1. Dipole of the range 108-196 (Lys/Arg Cβ +1, Asp/Glu Cβ -1, origin at the Cα centre): which of Phe117, Pro179, Met164 lies farthest to the positive side?
2. Whole number in Å², please: accessible area per residue of the range 178-290, 1.4 Å probe, ligands, DNA and RNA not counted.
3. Hey, how much of the P(r) for the range 400-503 falls beyond 18 Å, as a percent of Cα pairs?
4. Arrange the residues Arg374, Arg495 by how much accessible surface each exposes, largest first, with a 1.4 angstrom probe.
5. Compare the Cα positions of Pro423, Pro363, Thr387 along the charge dipole of the range 363-465 (+1 at Cβ of Lys, Arg; -1 at Cβ of Asp, Glu; about the Cα centre) and return the one farthest towards the positive end.
6. Would you mind checking the pairs Lys109/Lys191; Lys68/Lys295; Lys137/Lys193; Lys103/Lys138; Lys109/Lys138; Lys137/Lys232 and listing those with alpha carbons more than 32 angstrom apart?
7. Find how many whole Å separate the alpha carbon centroid of the range 212-287 from the alpha carbon centroid of the range 100-174.
8. Considering only protein heavy atoms and a 1.4 Å probe, what is the carbon-and-sulfur percentage of the accessible area of the range 72-211?
Amino acid sequence: MVEGDIDLRKNKDCDVKDQGRVPNGCGSKEFELKKIIGGSVKKLPDVEKGTVEKADFEEAIVLTGYGKFHYLLLAVCGFVSTSEEMDVISMSFILPSAQCDLKLNTHTKGWLNSIIFIGMMAGAYVWGSVADSLGRKKVLIAISFMNGLCIVASSFTQTFEIFMIFRFLNGAALGGSGPVTWSYFAEFQPKGKRGSMLSSMAAFWTLGNLFVAGLAWLVIPADIGFISETFKYNSWRIFLLLCAFPSFVVALLLFMLPESPKFLLTRGRTEEALQIFQKIYHVNTGRAEEEYPVKELLVENNSSRSMNLTTKPVKGKYRNMFLDIMDNSRQLFVSPILRFTLISITINFTFHIGYYGLMMWFPELFNRFDEFSRFHPGQEATVCKVTDFVVNHGTLKKGGQCNDNIESAVFMESLITVAAAIPSNILAVLGMDRFGRKFFLVFSTLASGICASSMYFVYNKTQNLIVSATFSSVISCGNAALDCLITEIFPTNLRATGVAVSMVAARLGGIIGNIVIATLLDMYCPAPTFIVAALLIGGGLLCLFLPNTTREPLS
């Protein structure tokens with residue numbers, strides 16, 4: 001039996017998702033889409049047979065149908081993920097190209113890779129908490145505009161220090177993008193579709209990787225731009241400017257979408273939520289909004305607290321928002337949520353040390369292999385030997401002549417590496433609701449851990465490319481599973497905050513992964529790959545201690 005196949009007769013384990021929801025028995029599927037009204041059970045109605053007086057969120061979202069609106073939502077939210085991944089991964093292509101302009105060495109490259117994650121740590125908690133208080137849509141629009149402006153500004157900077165400042169601000173905006181987008185998107189999905197649709201949105205990360213790799217290949221090697229004695233605007237800066245474009249497009253597209261009805265229900269704003277369900281019904285079915293069968297929505301369990309907050313005087317709204325944020329944060333670290341919070345933090349930390357710690361260094365490693373092969377044609381060498389040559393005798397040698405010319409083969413290898421994730425993303429979309437989140441996460445971390453340790457044993461460019469592409473492929477389906485699992489384990493009123501706290505741990509993993517790899521790669525080369533392997537495998541196995549969320553209603 002796989003994770004998604006639930007034996008209704010034997011499901012006796014309780015978790016936080018069942019509290020206050022199921023009157024009799026823990027997790028009983030008999031009550032998932034039903035409500036106890038006057039002692040009788042109200043079953044999910046047939047839309048064709050007439051009006052439904054009352055419905056909870058799961059009934060209401062199912063009755064809107066599934067069609068054009070949800071695919072439009074997927075396109076927009078997926079584009080948000082695409083632009084986020086482009087902004088993060090773009091730095092991996094800039095490092096070898098900007099090393100002369102910004103006077104970079106391996107150490108400063110590590111910090112330049114990491115500064116965006118430091119900003120994301122700061123932004124994730126703040127934006128996630130605000131989204132749980134004010135709403136998802138407004139926050140996403142603000143984040144997208146801020147992100148685009150910071151990227152444009154950074155493309156004009158001429159010094160390493162100023163560039164670092166704008167990359168930090170860029171990260172502060174991006175920090176909220178992940179947790180808020182995933183919470184927002186999940187809260188429009190019925191339980192039967194949620195896994196496949198979240199996996200589909202995760203596939204847009206791969207699209208972001210592909211797009212940024214292809215764009216880098218087209219733009220960075222080209223001899224374009226403007227160069228004077230005091231100001232440079234060369235190809236890598238133009239590449240960075242183009243990477244800002246999706247953020248502005250996303251901000252405009254988000255104006256077309258409504259606020260999350262699940263969020264509105266937790267705030268007691270049932271009339272607004274009902275209007276959104278009616279509009280979704282109209283878009284999906286083509287029928288008039290008045291024909292939507294639900295006439296009244298059942299209020300979420302925690303809405304009484306939220307209603308009290310929203311009915312306070314406007315002059316105290318910022319104070320109320322701050323108190324709401326503090327209360328949400330406190331609830332994450334109180335039993336029974338505490339266990340989920342600690343495990344999600346640990347998994348995100350270890351997973352992203354491997355994901356960003358290696359993925360962002362692949363173009364640099366490809367460039368080092370390419371440099372070694374130019375000076376030693378036909379000679380095989382390990383990653384460590386190649387690194388030793390580049391650092392002590394090549395372009396990174398202290399006092400040596402700087403060379404930022406990158407061969408097009410480096411960009412082609414990077415493009416192949418990210419393209420290798422496409423089949424695994426398709427597999428995740430098709431199998432996430434069948435095999436379950438835990439299956440994909442455990443498989444991914446075990447396989448990517450083996451790939452990481454194998455990098456120590458590669459002896460040429462081809463072997464390096466094969467291992468890198470395999471790593472990219474297997475870790476991408478684990479990334480989709482992790483995003484699904486972490487999004488689903490937290491209740492709605494804490495979801496964006498909970499995901500944000502987990503994302504803070506993920507960004508910390510990205511920071512440590514980049515700094516440690518940058519330091520150890522040059523000082524003690526064998527260590528990084530084996531450290532990454534151990535963390536990936538150990539962290540991935542922790543998901544076995546989390547509850548099953550496959551095809552379960554959002555709490």
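The values are calculated or read from the model by the stated rules, or taken from the named source; none is laboratory data. Treat the numbers as computed from the prediction; the structure is a model and nothing was measured. Positions of Cβ are backbone-derived with ideal geometry, glycine not excepted, and every protein chain shown enters the neighbour counts. Heavy atoms of the whole protein, side chains included, go into the accessibility calculation; ligands, DNA and RNA do not. Shrake-Rupley method; radii C 1.70, N 1.55, O 1.52, S 1.80 Å.
1. Pro179
2. Dividing the accessible area of the range 178-290 by its residue count gives 38 Å².
3. Working: 3190 of 5356 pairs.
Result for the distance tail: 60 percent.
4. If we order Arg374, Arg495 from most to least accessible, we get Arg374, Arg495.
5. Of the candidates, Pro423 comes out farthest on the positive side.
6. As for pairs spanning more than 32 Å Cα to Cα, those are Lys109/Lys191; Lys103/Lys138; Lys109/Lys138; Lys137/Lys232.
7. Cα centroid of the range 100-174 versus Cα centroid of the range 212-287: 16 Å apart.
8. Values: 2710 of 3410 Å².
On the range 72-211, the fraction of accessible area on carbon and sulfur atoms equals 80 percent.
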